[in-house]
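To keep things clear, I will list the structure first and then write my remarks on it.
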Amino acid sequence: MKNKIIALKFPAFFLLFVITFIACDRDFNVIESDVLGKGNTNFTTNDTIISVLAYNKKLDSLQINNLASNLFGIFNDPAYGKTTASIVTQITPVFYNPDFGIDPVIDSVVVNIPYFSTVIGVDDEGNTTYSLDSIYGNQTSEIKLTIYQNNYFLRDFDPTSELNSTQNFYSNANSTSNSVFTGNSIVNFDDHIVTTIHEDTAFLPSAEAIELWTISDGDTTKTRSAPAYRVVLNDPEDILYWKNTILEREGTSDLSNSNNFYNYFRGLYIKAESVSSDGNMILLNLNSSSANISIYYTKGIAEERTQSNYNFTFNGKNLNTFINDYNLINLQNGDKTFGDEKLYLKGTSGSMGVIDLFENEQGLENFISRYRVSDGNGGYEKDTSTGLYILKRLINEAHLEIYEDETINTGSFGSDFHRFDRIYAYDIKNNSPTVDYQLDPTENNSAFSSKIISLGQRDTISGKYKIRLTEHLNSILLRDSTNTKIGLVLSNNVNYNVTNEILNSNDDVTEFPPAAIISPRGTIIHGSNSNVPENKKLKLKIFFTEPNQN
C-alpha cells in the first residue's frame, strides 16, 4: 500500500511547534519522529540543507509619499556613511470658509508634531515620563532645522498618465540635493522656497513631556502630553506672516475648499542640515491627530474680545527626501550567477538582499521531485478531492539561516548597536508578506517582539537570524506556487507590511517595503558565494518526515 502524506492548511506539526516555541525559548525546534507516536514506526524524520542564491539589489527611485511616518534629521551609520532626511508636506485647514470675526489679532502660532514615544514611569512629582522610540544617531548632537513655505504643487494625479493615475514621488537619494523624481522629471525643493517661516540652528529632540498652561476665569490649569516637536511662533514677523497669509484671505476662494487652498498654500518644506560632523535623526508622526498648526487669536470689540483659534492638520500629501552620502560602502547590484559574499541591508533608499531559494529551474524541479509522489509518467499525483499534490515527504520546519557579518563596524555605538535589529522577509513575486508571516500568531504592538516565529529575533551572541519558510515551501509543493524569490530588508517595524512602487524597475523586484525606507540603520549579513565559510553561509534548512520504505 502506498504511503501518502497530504499537508493541511494548518498542520498539527505547526500548532505543536507554536506551543513548544512559546513554552521553551526563542529558537526554532526540530520536530522529531516521536510526535507521530511511539507505536508508529512507519515514519522517520530527517533534515537537509539547500544551497540558495543570495545577491544584492541597489535601491533607487523608491516611492516616498504616503509613508506611515517620516524621518527627519541626520544619521551617520558607522558602516555606511551619512543620510540626511527632510520632509515636504501639505497642511489642511480643519474647516473652510472661516469667519475670523471682528478685528482678529494673532497672539501666536504653534507647530506641534509628535514623536513616537513610550511611557517608562512616573517622576517624584507624579508626572508621566517617556522615552523616545525612534531616535537614531548621536542623541546629544544638534542639527539645523528650517521650516520654509514650499511653492511646488504636490498634485494628486499624474498628468502624463493616460488613466489619470495617482501622482507618486520617488527618492533621488544619490543626489546632493533634497530632490525627488516625479516619473519624468526631477524636483529640487530648494528651488521652490517662498520664504523662511522658522529656523532653529540647534535642534535636538527631547523626551520631555509637553506642558500646557491654560488660564480661564482666573484659574490656571496645567496639562501634559507626550513628547513632540513643538515651536511657538510669536515674533512680530511671525505674526505678520500668518496674518497676511491666512487671516487676510478670509472671504476669498483661497480658503473655500481643499483644491483652492492646496493651490494657494502649497505646503511646508522642513529641511535638515548639519552643524557638525555628527547629528541625530527622529521619526515624526505627521499622521497623528495631534499633529497640527494652530493660529491663536483674539477677536471682537473693546471689552468684549474673545479668544479663538484656526487649525491645520498634516492630512495632505507628505513625503521624505533623502541624501545618502555612503562614503564607506559602494552599494551596487550583485552577482545573480554566483551570489555575493555579503548582503547589504540598508534603509533610506539603500540596498536589500534577494534570495533565490533554488538558484534556477533545475534546482526547483529537483526539490519538487524529492517531495512529491511521482505518477510514473513524468508528472506527479494529485488528490482528486482537494486538487493538491500528494507528498511523499512532509516539511515540518524550514527556515533561512542567516548570519550577521561579525566584522561590521559599529563605531562608538558599541556591541549592542544591532541588538534590536529585525529582518523582514517578503514574497517578491506577489509583493506581499510570506505565508508564514501571515499565519504567525505572535503579532503585538512591540515591533521587536512581534512576528517572532516567522521572523526570528537576532541571536545576541552569534548574530544569527532565522526566517521561517515552512508554509511558503509547502505552498510551492502542494499548489505549484512559483514565488521562489524572497526579499530581505532591515525594518524597525515588522508590523508595517505593505509595499510601495519602485519607479521603472527592470527586474523581478518591482515593489519594496516602505518600513525599510523609514529605517535609517543598516546591517551586513553573509551571503551565499562560495568564498563564504560554510558555517556562516546563508542557507535554507529543511526538517522533514517521510515514510520508511518497506
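Every test in (1) assigned to a strand (DSSP E or B); (2) surrounded by 15 or more Cβ atoms within 10 Å (Cβ to Cβ) is passed by residue 201 save one, and that test is (2). Selection over the stretch 434-475 of residues that are of a type in the set (Ser, Thr, Tyr), within 21 Å of residue 542 (Cα to Cα) and touching a residue at least 40 places away in the same chain (Cβ under 8 Å) gives a count of 6. Among the listed residues 319, 255, 286, which satisfies the condition of being crowded, with 20+ Cβ neighbours inside 10 Å, of a type in the set (A, V, I, L, M, F, W, C), out of contact with any Cys (no Cβ under 9 Å at 6 or more places or on another chain) and under 16 Å from residue 148 (Cα atoms)? That would be 319, the only listed residue that is crowded, with 20+ Cβ neighbours inside 10 Å, of a type in the set (A, V, I, L, M, F, W, C), out of contact with any Cys (no Cβ under 9 Å at 6 or more places or on another chain) and under 16 Å from residue 148 (Cα atoms).
Among the residues of the stretch 113-128, some residue qualifies, meaning at least one is assigned by TED's automatic domain parsing to the domain that holds residue 213, free of Cβ contacts under 8 Å to residues at least 40 places away in the same chain and of a type in the set (Ser, Thr, Tyr). Could you please find all residues in the stretch 204-220 being part of a strand (DSSP E or B), touching a residue at least 12 places away in the same chain (Cβ under 8 Å) and not charged (D, E, K, R)? If the condition is that a residue be part of a strand (DSSP E or B), touching a residue at least 12 places away in the same chain (Cβ under 8 Å) and not charged (D, E, K, R), then 210, 212 are the ones that fit. Note on the stretch 263-288: residues that are closer than 27 Å to residue 226 by Cβ, part of a strand (DSSP E or B) and small (Gly, Ala, Ser) total 1.
The single condition from (1) among the aliphatic types (A, V, I, L, M); (2) touching a helix residue (DSSP H, G or I) at 6+ places or on another chain (Cβ under 9 Å); (3) assigned to a helix (DSSP H, G or I) that residue 494 fails is (3).
Taken over the stretch 435-477, the criterion of being surrounded by fewer than 23 Cβ atoms within 10 Å (Cβ to Cβ), closer than 24 Å to residue 527 by Cβ and polar (S, T, N, Q) is satisfied by 457, 460, 462.
Out of 406, 401, one residue alone is of a type in the set (D, E, K, R) and in a loop (DSSP other than H, G, I, E, B). It is 406.
Could you list, in sequence order, all residues of the stretch 475-491 that are in a strand (DSSP E or B) and out of contact with any Pro (no Cβ under 6 Å at 6 or more places or on another chain)? Residues satisfying the conditions are 485, 486, 487, 488, 490, 491. When the stretch 410-445 is filtered for residues that are closer than 21 Å to residue 509 by Cα and assigned to a loop (DSSP other than H, G, I, E, B), the ones remaining, listed by number, are 428, 429, 430, 431, 434.
Residue 462 versus (1) in a loop (DSSP other than H, G, I, E, B); (2) within 17 Å of residue 79 (Cβ to Cβ): which is the lone unmet condition? It fails just one condition, (2). Which residues, counting only those in the stretch 477-495, are over 24 Å from the mean Cα position of the chain (by Cα) and either modelled with pLDDT of 95 or more or among the polar types (S, T, N, Q) (or both)? Across the stretch 477-495, the qualifying residues are 477, 478, 481, 482. Taking the numbered list (1) surrounded by fewer than 15 Cβ atoms within 10 Å (Cβ to Cβ); (2) at negative phi; (3) in contact with a strand residue (DSSP E or B) (Cβ under 8 Å, 6 or more places away or on another chain) in turn, residue 191 passes all entries but (3). Restricted to the stretch 133-195, the set of strands (runs of 3 or more DSSP E) holding at least 3 residues that are within 26 Å of residue 228 (Cα to Cα) and among the polar types (S, T, N, Q) comprises 143-150. Do we find that residue 368 is at pLDDT 95 or above, aliphatic (A, V, I, L, M), in contact with a Phe, Trp or Tyr (Cβ under 8 Å, 6 or more places away or on another chain) and part of a helix (DSSP H, G or I) in this structure? Answer is yes for this residue. Scanning the stretch 521-541 for residues that are over 21 Å from residue 409 (Cβ atoms) and in contact with a Leu (Cβ under 7 Å, 6 or more places away or on another chain) yields 528, 540. Of the residues that make up the stretch 188-211, is at least one under 25 Å from the mean Cα position of the chain (by Cα), more than 29 Å from residue 128 (Cα to Cα) and in the same structural domain as residue 109 (by TED's automatic domain parsing)? Yes, there is a match, as at least one residue in the stretch 188-211 is under 25 Å from the mean Cα position of the chain (by Cα), more than 29 Å from residue 128 (Cα to Cα) and in the same structural domain as residue 109 (by TED's automatic domain parsing). Checking every residue in the stretch 174-190 against the condition of being in contact (Cβ under 8 Å) with a residue 24 or more places away in the chain, in contact with a helix residue (DSSP H, G or I) (Cβ under 8 Å, 6 or more places away or on another chain) and among the small types (Gly, Ala, Ser) gives at least one match.
Just checking, which of 127, 66 is within 16 Å of residue 171 (Cα to Cα) and modelled with pLDDT under 95? One residue alone meets the criteria, 66. Collect the residues in the stretch 102-137 that are more than 28 Å from residue 294 (Cα to Cα) and surrounded by fewer than 21 Cβ atoms within 10 Å (Cβ to Cβ), keeping them in residue-number order. Hits for the stretch 102-137 are 120, 121, 122, 123, 124, 125, 126. Looking at 396, 366, just one residue is closer than 16 Å to residue 477 by Cβ and free of Cβ contacts under 8 Å to residues at least 12 places away in the same chain, and that residue is 366. When 452, 524, 461, 467 are checked against the criterion of being more than 22 Å from residue 341 (Cα to Cα) and among the aliphatic types (A, V, I, L, M), 452 stands alone in meeting it.
Can you tell me which residues in the stretch 413-434 are crowded, with 23+ Cβ neighbours inside 10 Å and farther than 15 Å from residue 496 by Cα? Across the stretch 413-434, the qualifying residue is only 428.
The single residue among 97, 65, 70 that is closer than 30 Å to residue 252 by Cβ and within 17 Å of the chain's Cα centre (by Cα) turns out to be 65.
The values are calculated or read from the model by the stated rules, or taken from the named source; none is laboratory data. Remember, it's a predicted structure, so these values are computed and weren't measured experimentally. Every residue, glycine as well, gets a Cβ built from its backbone with ideal geometry; the counts of neighbours run over all protein chains shown.
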